[in-house]
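Notes follow once the structure below has been shown.
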Amino acid sequence: MRGGEGITVIGGGIGGLFAGAFLAGNGRKVTVLEKNPTAGGGLQCFYRDGKIYETGMHIMGGFGSEGTLTRICRYLGILDKLDIEHISPECCDELYYAVDGRSWKIPSGRERFVAELSRMFPEEGEGIRSYVDDIYAMTRHFGLFYLKPSEFNMLTLPEALKEPADEFIARKVGNPVLRELLAYLSPLYGGVRGHSPVYIHALINVLYINGASRFRGGSQQLADALVGVIVENGGRVLCGKEVESLEIRDRRVTAVRTFDGALFEPDTVVSAIHPVELLRMVPDGTFLKVFKDRVNSIASTHSAFSLYIDLEEGAFPYIDHTCYYSDRYGDMWEQADGECERWPRTFMYMTPPDRNQGRYASRLLVHCPMSFRHVEKWVDTAVGRRGADYLEWKSRCAEEILKRLDARYPGFRGGVRKIYSSSPLTIRDYFGTKEGAICGFFKDASSLTDSYLPIQTKVRNLFLTGQNIILHGICGVPLTAIHTAEAILGKNVIVDEINRN
């Protein structure tokens, strides 16, 4: 089987589908190759007993009235195909601490955020205002965050944006509890004390201060809509097509071969898979050893242990915002610590909205940061063949989370019908990410260039995209896909068109 001329995208996750949609919408013939039975990556959902469960993408920033994702989806012609619920600005997130039984409700909206936190901590009002003004100013260094023509160059990033995020927060406010609250989104970028750069903190926090949203009926609808853009423009999304190797001659990809024997001969290749996986597919000598060693040595962000809880009808109320549970204060920067004794330190949970959501929730999702060290003894096992001790370990992990939920909501267990779970190994094997990382490569404030990979490779027709390139997350990955697509189509082709609409 030969794909003919055009663009082959390796990987049908969020990055691959957005890149494919941008390219197909601009007249390029696109073929997306996805190893799993369903395209979507972190947007994928699964069904059990008629209920839908999201695997990765549960809350989104950027879907406000003129938010970045709203404008991107409008440009692609898919905005009206998405069923989106906007979370109330009065309480976007709720943080609960078992040590004192207190809940903190975090609002959205720039001025509301400043006003509410200043009411909670009146002595810190000036620092809170300065903190918010500064993180918004930091995002202005990333023009594409606002869909403005721009170029990204890690080498020219201002030094102030490389400061560790926890140190930046500590300079702004003195109250330790307030510092904790300002860091509560650190799991969304794998935050680590003394290492995570403030520019990532700023981008993530501004995105959600501006407002958060959720999908009614599951995030797969976005993946399906992107597939539709590609197909409607003459392209293909082929699932169950795992790439085995790339043939490269004279610094150009000449063919892409899949494990089932199919052969594609594209003009251009976009790799949306983990760079470590890509390196395994190319012939020896394609890249210098020093480059391969650097890519293989880049640290990963944390992984996660997740519970997918099927609730009895009428057993648990629907919660219209995201909740965070913590045993105590002070753990926001060590949530995925490799020490097993104190796991879980904190976790995020939510009741996803159904299309006709009523008073009660039908399911509850829990996502708890976890270091890959927890599962290293099973690192060489495969799905369904990890052994009884692995299943017992998963049961113990689930029990630790359920104990905390039952303490938070007495009688919670009585409303649980069934429980499904996944571990860092599940994420590693299903999504093809190194060590099951959920936020891509770890960005270290002291050595940012070490984890930076350019979109254009030394292979002239091979380009990179995805969560390990430039920015991660539901907003960062589509923005990175714009950079990748424009590297092929021409500078600012897409951004200029978005701004004309």
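Between the residues TYR53, VAL416, MET332, the greatest Cα displacement towards the positive end of the dipole of the chain, with unit charges on the Cβ of Lys, Arg, Asp and Glu, is found for TYR53. Note on the range 225-371: with charges restricted to the Cβ of Lys and Arg (+1) and Asp and Glu (-1), its dipole about the Cα centre is near 420 debye. About the centre of its Cα atoms, the chain shows a dipole size close to 720 debye [charges on the beta carbon of Lys, Arg (+1) and Asp, Glu (-1) only; nearest 20 debye]. Between the residues THR31, VAL270, ILE84, the greatest Cα displacement towards the positive end of the dipole of the chain, with unit charges on the Cβ of Lys, Arg, Asp and Glu, is found for THR31. Across the range 365-372, rounded Karplus estimates of 3J(HN,Hα) from the backbone phi angles (6.51 cos²θ - 1.76 cosθ + 1.60, θ = phi - 60°) give 10, 10, 10, 10, x, 8, 6, 5 Hz, Gly and Pro being marked x. Per residue, the solvent-accessible area of the range 62-156 (1.4 Å probe, heavy atoms of protein chains only, all protein chains present) comes to 47 Å².
What you get for the range 115-178, charging only the Cβ of Lys and Arg (+1) and of Asp and Glu (-1), is a dipole of about 220 debye around the Cα centre. For the range 211-227, backbone phi angles converted through the Karplus equation (6.51, -1.76, 1.60; θ = phi - 60°) give residue-by-residue couplings of x, 10, 9, 9, 8, 7, x, x, 7, 4, 4, 5, 4, 4, 5, 5, 4 Hz, Gly and Pro being listed as x. Residue pairs exceeding 30 angstrom between C-alpha atoms, taken from LYS35/LYS403; LYS377/LYS403; LYS35/LYS458; LYS377/LYS418; LYS29/LYS51; LYS458/LYS491: LYS35/LYS403; LYS29/LYS51. Karplus-derived 3J(HN,Hα) values for the range 394-404, using 6.51 cos²θ - 1.76 cosθ + 1.60 with θ = phi - 60°, are 4, 5, 5, 4, 4, 4, 4, 6, 4, 4, 6 Hz; glycine and proline are entered as x. Per residue, the average separation of C-alpha pairs within less than 8 Å and at least 6 apart gives the chain a relative contact order of 23 percent.
Using a cutoff of 8 angstrom between alpha carbon atoms and counting only pairs six or more residues apart, the relative contact order for the range 134-281 works out to 16 percent. Summarising the amide proton neighbourhood of ARG417: residues at separation of 5 or more, or on other chains, whose placed amide H is nearer than 5 Å comprise ASP310, LEU311, GLU312. Close amide-amide hydrogen proximity is noted between VAL270 and THR8, VAL9, ILE10, PHE463, each under 5 Å apart and 5 or more residues distant or on a separate chain (H modeled in the peptide plane; Pro and chain starts excluded). Within straight-line reach of LYS172, meaning a Cα separation under 15 Å, sit the following aspartates and glutamates at least 8 residues removed in sequence or on another chain: GLU123, GLU124, GLU126, ASP133, ASP134, GLU163, GLU180. With the Kirkwood sum run over all distinct C-alpha pairs, the chain has a hydrodynamic radius of 23.3 Å. Below 10 angstrom from the Cβ of GLY25, what's the summed charge of the other residues (Lys, Arg +1; Asp, Glu -1)? So the surrounding residues net to -1. Peptide packing for 475-481, 144-150 was compared via the average number of neighbouring C-beta atoms within 10 Å per residue; ordered from the highest value, the list is 475-481, 144-150. Annotation: amide H-H contacts under 5 Å for GLY466 (H modelled 1.01 Å from N, sequence separation of 5 or more, or interchain): ALA481. Using the Cα coordinates of the range 1-133, the gyration tensor eigenvalues translate into equivalent-ellipsoid semi-axes of 40, 20, 13 Å, sorted from longest to shortest.
Can you give the longest run of the chain that contains no trypsin sites (Lys or Arg not before Pro) sitting in a DSSP loop with at most 16 other Cβ atoms inside 10 Å?
Longest gap between qualifying sites, sites excluded: 3-139.
Using a probe of 1.4 angstrom, how much of the accessible area of the chain is carbon and sulfur, in percent? Ligands and nucleic acids excluded, carbon and sulfur reach 49 percent. Convex hull volume of the Cα atoms of the range 1-69, normalised per residue: 125 Å³.
The values are calculated or read from the model by the stated rules, or taken from the named source; none is laboratory data. Everything numeric in this text was worked out from a predicted model, so none of it was measured. Glycine also receives a Cβ, built like all others from the backbone with ideal geometry; neighbour counts cover every protein chain displayed. Note: areas computed on protein heavy atoms with side chains; ligands, DNA, RNA excluded. Shrake-Rupley method; radii C 1.70, N 1.55, O 1.52, S 1.80 Å.
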